[in-house]
């Protein structure tokens, strides 16, 4: 089964939004919302339960990965626009 077959782009965007909101606020409620999203995703796909220990946290890992993806996307987008601007100014 493809990862997108049960979850739409909007569903994944919701996770990224939750992670970004938590990054901005660091509020426990925002963190718990991410965990809840991940738990629901695991249940929907019949995946193993999340691992949340002092040594490892699936929630913390997903936050880090989502923010890294968003940062890379922003860098690529800005670089693309800077390249277009330079091309127009030649």
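The values are calculated or read from the model by the stated rules, or taken from the named source; none is laboratory data. Just so we're clear, the structure is a prediction, and the values are computed from it rather than from any experiment. Cβ sites come from the backbone with ideal geometry, for glycine too, and all protein chains shown count toward neighbours.
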Looking at residue 46, is it surrounded by 10 or more Cβ atoms within 10 Å (Cβ to Cβ) and either modelled with pLDDT under 95 or over 15 Å from the mean Cα position of the chain (by Cα) (or both)?
no
Just one of 69, 61, 9 is in contact with a helix residue (DSSP H, G or I) (Cβ under 9 Å, 6 or more places away or on another chain) and either modelled with pLDDT under 95 or exposed (fewer than 14 other Cβ atoms within 10 Å of the Cβ) (or both); which is it?
69
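Restricting to the stretch 8-49, name every residue that is in contact (Cβ under 8 Å) with a residue 40 or more places away in the chain and in a loop (DSSP other than H, G, I, E, B). I'd like the intermediate steps shown before the answer.
Looking only at the stretch 8-49, we keep the residues that are in contact (Cβ under 8 Å) with a residue 40 or more places away in the chain, and these are 15-16, 19-20, 22-23, 45.
Once the filter is applied, which keeps residues that are in contact (Cβ under 8 Å) with a residue 40 or more places away in the chain and in a loop (DSSP other than H, G, I, E, B), the stretch 8-49 yields only 45.
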